[in-house]
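The values are calculated or read from the model by the stated rules, or taken from the named source; none is laboratory data. Being a predicted model, the structure only gives us computed values, none of them experimental. Here Cβ is always computed from backbone atoms with ideal geometry, including for glycine, and neighbour counts include all displayed protein chains. For accessibility, only protein heavy atoms count, side chains too; no ligands or nucleic acids. Shrake-Rupley method; radii C 1.70, N 1.55, O 1.52, S 1.80 Å.
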Amino acid sequence: MSLSEEQKQDRHKARQQKVKENVDKKIANAQEEKGLLLVITGNGKGKSTAGFGTIARAVGHGKQCAVAQFIKGTWDNGERNLLEKLGVEFQVMATGFTWETQNKTADTEAAQLVWQECKRMLKDESLDVVLFDELTYMVSYGYIDLEEVVEALTNRPKMQSVIITGRGAHRTLIDIADTVSEVKNVKHAFESGVKALKGVDW
């Protein structure tokens, strides 16, 4: 026998009430206040975009933010063009893509210069949210020491949040993070021979 519209509505209401009760319970249990460590990793497009989106959100709430950018430093950067006007500090690794320079010494030096600025940021209580874009590569390549990164992250101001993006995040970074998202690659226009589009891809 088919259900009447009223019975369907009652069942829907009962299901939604259970969902609400579960959400309310989680909200009630989430009482700790602290800055978060977010890691956005995986092989898909959108990791940096998600990180910059969080910075934009924080700026919109009047938060003080800063960005350290590895790998893509020589590219025109739409996010930087916008966010610097809103008072967001940028520290950028000037060598561009590692596969273009093919000079480990120069890349290591460039990475270390930016990393010193990152360590300064991680001691600055006035910074609410910091983005370390593509930091995972620097750790994977050995340009920046993992233990040094972990120590700096662990000793940062309590209410400071940090976002780390990049493929192949080290297991240790994943373990110490509060939130980890993995962006999966299903399909990418570039693999079909489509050029990167200004304003969408970069």
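Scanning segment 165-180 for residues that are in contact with a strand residue (DSSP E or B) (Cβ under 6 Å, 6 or more places away or on another chain) and among the aliphatic types (A, V, I, L, M), we see that the one that is surrounded by the fewest Cβ atoms within 10 Å (Cβ to Cβ) is I174. Total residues in segment 185-202 satisfying the condition of being within 18 Å of G53 (Cα to Cα) and either of a type in the set (A, V, I, L, M) or loosely packed, with under 12 Cβ neighbours inside 10 Å (or both): the figure is 3. Screening T179, T172, T108 for residues that are touching a Phe, Trp or Tyr at 6+ places or on another chain (Cβ under 9 Å) and of a type in the set (V, I, T) leaves exactly one candidate, T108.
Considering segment 104-125, and only residues there that are open to solvent by 70 Å² or more (accessible area, probe 1.4 Å) and not acidic (D, E), the residue that is modelled with the lowest pLDDT turns out to be K104. Filtered by the rule that a residue be surrounded by fewer than 16 Cβ atoms within 10 Å (Cβ to Cβ) and either free of Cβ contacts under 8 Å to residues at least 60 places away in the same chain or in contact with a helix residue (DSSP H, G or I) (Cβ under 8 Å, 6 or more places away or on another chain) (or both), segment 126-164 gives S140, Y141, G142, D145, L146, E147, E148, E151, T154, N155. Is segment 46-65 home to any residue that is assigned to a helix (DSSP H, G or I), at pLDDT below 80 and open to solvent by 80 Å² or more (accessible area, probe 1.4 Å)? Checked against the condition, which is being assigned to a helix (DSSP H, G or I), at pLDDT below 80 and open to solvent by 80 Å² or more (accessible area, probe 1.4 Å), segment 46-65 yields no hits at all. Looking across segment 106-151, just one residue is of a type in the set (K, R) and part of a loop (DSSP other than H, G, I, E, B), and that is K123.
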